[in-house]
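In what follows, a single structure is set out as structure tokens and then discussed.
The values are calculated or read from the model by the stated rules, or taken from the named source; none is laboratory data. Since this is a predicted model, take the numbers as computed values, not measurements. Because the Cβ atoms are built from the backbone with ideal geometry, glycine has one as well, and the counts that use them run over all protein chains shown.
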Amino acid sequence: MSNSATEMLVSACIQFLQGFSPFDRMEAQALRFLAEHVKLAHFPKGARILASEMGIARALYIVQGGKVRARPSGGNSHVEYSAVLGPGQCFSIGALMAQRPSSSAYVARDDVFCYELPADCFFSLTQKSTAFNLFCTQTIAGLLNQSQQQLQLQFAQRAAEQKTMNSPLATIVKREPVAVAPETSIREVVELMAANHLGSMVVTDPLQQPIGIFTLSDVLKRIVLPGLSLEQPISSVMSTSPLTLPLAANAHDAALAMAMHAVRHVLAVDEGGRLRGVVSERDLFKLQGAGLRQIRHSIDAATSVDVLRHAREDVRQLSLTMLTEGVGGQEITQFISTLNDTVTRRVIDLNLDRHDLYGIDWAWLSFGSEGRDEQTFTTDQDNGIVYLCTDIMDRELTQLRFLEFARDVNDDLDKCGFPLCKGNIMASNPELCLTLEEWEEKFALWVRTPEPLALLNATIFFDFRPLYGRFNLAHRMRLSLFRQTQGNPLFLRMLAQNALSVAPPLGRIRDFVTGADPDHPGTIDLKKYGVRLFTDAARVFALANQVEATHTVTRLKRASALTHLPPDDVSASIEGFNFIQLLRLRHQHFEQEHGRAGDNLIRPDELNEIERRVLKEAFRQARKLQARLKLDYQL
């Protein structure tokens with residue numbers, strides 16, 4: 001073909017592409033490169049242009065004429081979608097970027113002409129054109145939106161399957177009713193209520209039919225103030241004709257009845273009128289889902305660990321509601337962390353009443369995921385104490401006081417649902433209950449001698465955050481840490497090398513590499529091989545640039561401004577990180593609902609097609625962060 005004919009074809013191609021996004025925004029030189037390296041291919045009606053069985057994608061396709069239908073390859077039943085692509089639209093970007101087979105089948109709906117750009121030219125184009133590279137990077141954002149909708153639908157369905165205000169009373173009643181005869185003495189009834197932790201007592205006749213009810217609120221106005229003898233029968237102070245509803249009635253009926261009659265309990269009875277259970281306002285409150293304000297109020301007003309344990313369950317239920325409503329992983333983990341912080345502070349307050357720490361400057365520290373504000377449903381304790389010890393204070397006696405205090409706090413947190421740390425990373429460990437100077441010396445030792453154990457400690461303890469006490473002590477610890485790391489580039493290099501020791505579980509033949517845990521074949525640990533990839537990289541960026549924030553997303557955003565990380569790449573990394581967190585939350589919720597300890601082991605084969613695609617893109621973003629570390633530290 002003559003040069004003039006070739007130039008005419010190139011010009012025609014450029015003119016066509018300029019009518020569509022993203023090609024209309026591409027740099028002239030890059031657009032010309034694209035036009036010079038494509039070839040025009042024809043596909044008759046019904047022809048399969050691209051499908052998973054054809055192997056790894058070898059070209060980018062841009063529809064020049066006709067219509068192309070896209071649907072899941074292999075009859076995937078998890079996701080039902082079908083799209084029609086017309087002129088100017090392109091496909092196989094995700095497959096090309098991941099160097100894998102296409103997850104969708106593309107079939108010519110009629111006679112179709114497509115421009116084909118070979119894979120090597122595709123990657124060259126992403127380097128030549130900022131606009132095209134941005135377009136490809138944003139692929140993950142579009143996939144993430146689709147996946148978010150899928151997750152939201154799943155959680156909404158699961159929430160609907162759980163108890164709602166339409167639930168019959170038979171499913172709400174949790175325990176066998178406790179009842180007494182009318183002649184039972186007031187003393188016996190009060191003692192029975194205390195022993196069974198009951199807020200009310202039902203009085204029944206010989207046929208087990210309710211004839212009265214006595215509540216804690218009756219004690220003051222009917223017994224204490226009138227000075228009534230405790231030996232009087234309960235029938236003398238009970239409320240007669242208690243409100244009853246059949247077991248088939250629902251929670252809405254109970255709520256309406258309580259509102260109409262200004263009572264706090266409804267008695268559920270069977271067809272013969274016999275008592276089968278008691279439904280309280282709190283039971284209905286749980287069904288509706290505790291709101292943030294109510295939970296926070298119950299925590300702040302708690303006078304016992306039992307109340308705080310119930311509040312923790314309310315946090316879990318509200319978190320499920322947030323998942324149902326489509327709230328993202330970042331917001332939910334911060335929400336969980338914030339309320340967990342509140343529970344911890346209340347536990348500390350309750351224990352300070354029993355321990356004399358007056359006159360000492362100190363702070364309670366959190367480490368690890370708690371220190372990063374990134375807790376999920378499954379979390380143990382990672383905490384410590386920093387304090388000041390003046391010349392007139394006995395160092396050993398002061399530490400003993402703190403250790404006794406910390407031991408009680410750790411035990412109470414365990415009762416509230418924060419298991420004791422198996423690695424003993426707790427404030428009751430003398431190695432983690434230290435003066436400010438001792439913490440600074442410990443940090444300095446790890447920085448000076450970046451051995452494997454020191455690097456492991458850095459990944460845990462350098463993500464510290466104060467929860468209670470003198471926050472300025474934690475700030476001083478942070479400034480000291482920055483001085484030490486800035487003066488030791490070898491440590492940062494070793495920390496970066498440690499961050500590269502775990503690679504994203506992406507396969508060359510299969511989509512994912514699974515089975516790292518021989519006890520759980522076919523799984524990926526989303527904490528070790530997912531979240532860690534992002535948190536480790538973000539930690540290096542933060543220490544290198546003296547970013548005080550511990551939250552991974554905040555670290556990445558600030559590092560973007562300070563190190564000239566491409567903002568679009570950082571945004572894609574954040575989206576990938578948040579998606580992995582969302583998968584962790586969903587999996588842990590599912591495990592706990594089925595009576596199992598929530599873990600981080602997901603099975604990629606059980607994900608739907610969209611989720612698999614987004615997870616692969618998330619791992620690709622982690623690999624790009626690691627590539628930046630390799631470049632920065634010449635690793």
Q. Has the range 146-162 got any residue that is surrounded by fewer than 15 Cβ atoms within 10 Å (Cβ to Cβ), at pLDDT 80 or above and not basic (Lys, Arg)?
A. no
Q. Picking from 418, 402, which residue would you name as being touching a Phe, Trp or Tyr at 6+ places or on another chain (Cβ under 8 Å) and either more than 30 Å from residue 595 (Cβ to Cβ) or in contact (Cβ under 8 Å) with a residue 60 or more places away in the chain (or both)?
A. 402
Q) Of all residues in the range 193-234, which are within 21 Å of residue 266 (Cβ to Cβ) and either among the hydroxyl-bearing types (Ser, Thr, Tyr) or in contact (Cβ under 8 Å) with a residue 60 or more places away in the chain (or both)? A) 199, 200, 202, 204, 207, 208, 209, 210, 215, 217
(Q) So residue 454 passes all but one of these: (1) without any contact (Cβ under 8 Å) to a residue 24 or more places away in the chain; (2) touching a strand residue (DSSP E or B) at 6+ places or on another chain (Cβ under 6 Å); (3) among the small types (Gly, Ala, Ser). Which condition number does it fail? (A) (2)
Q) In the range 220-242, how many residues are buried (at least 17 other Cβ atoms within 10 Å of the Cβ) and under 18 Å from residue 199 (Cβ atoms)? A) 6
Q: Name the single residue, out of those in the range 309-368 being of a type in the set (Val, Ile, Thr) and either more than 21 Å from residue 405 (Cβ to Cβ) or within 15 Å of the chain's Cα centre (by Cα) (or both), that is surrounded by the most Cβ atoms within 10 Å (Cβ to Cβ).
A: 333
Q | Residue match in the range 484-496 (condition: of a type in the set (Gly, Ala, Ser) and either over 26 Å from residue 626 (Cα atoms) or without any contact (Cβ under 8 Å) to a residue 12 or more places away in the chain (or both)) | A | yes
Q | Check on residue 254, closer than 24 Å to residue 176 by Cβ, part of a helix (DSSP H, G or I), among the small types (Gly, Ala, Ser) and at pLDDT below 90 | A | yes
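Hey, can you tell me all the residues within the range 611-628 that are over 19 Å from the mean Cα position of the chain (by Cα) and surrounded by fewer than 23 Cβ atoms within 10 Å (Cβ to Cβ)?
620, 623, 624, 626, 627, 628
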Q: Run down 627, 559, 597 and say which single residue is modelled with pLDDT of 90 or more and not assigned by TED's automatic domain parsing to the domain that holds residue 329.
A: 627
**Q.** Qualifying residues in the range 474-529 (those that are in contact with a strand residue (DSSP E or B) (Cβ under 7 Å, 6 or more places away or on another chain) and part of a helix (DSSP H, G or I)) - the one surrounded by the most Cβ atoms within 10 Å (Cβ to Cβ)
**A.** 474
Q) Residues of the range 514-532 being more than 14 Å from the chain's Cα centre (by Cα) and closer than 17 Å to residue 606 by Cα, which ones? A) 514, 515, 520, 521, 522, 523, 524, 525
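Out of all the residues in the range 92-121, which are over 13 Å from residue 39 (Cβ atoms), in contact (Cβ under 8 Å) with a residue 24 or more places away in the chain and not aliphatic (A, V, I, L, M)?
Within the range 92-121, 92, 94, 99, 100, 101, 102, 103, 104, 106, 109, 110, 111 qualify.
Take the residues in the range 26-63 that are among the small types (Gly, Ala, Ser) and in a loop (DSSP other than H, G, I, E, B); name whichever of them is surrounded by the most Cβ atoms within 10 Å (Cβ to Cβ).
Checked the range 26-63; the qualifying residue surrounded by the most Cβ atoms within 10 Å (Cβ to Cβ) is 57.
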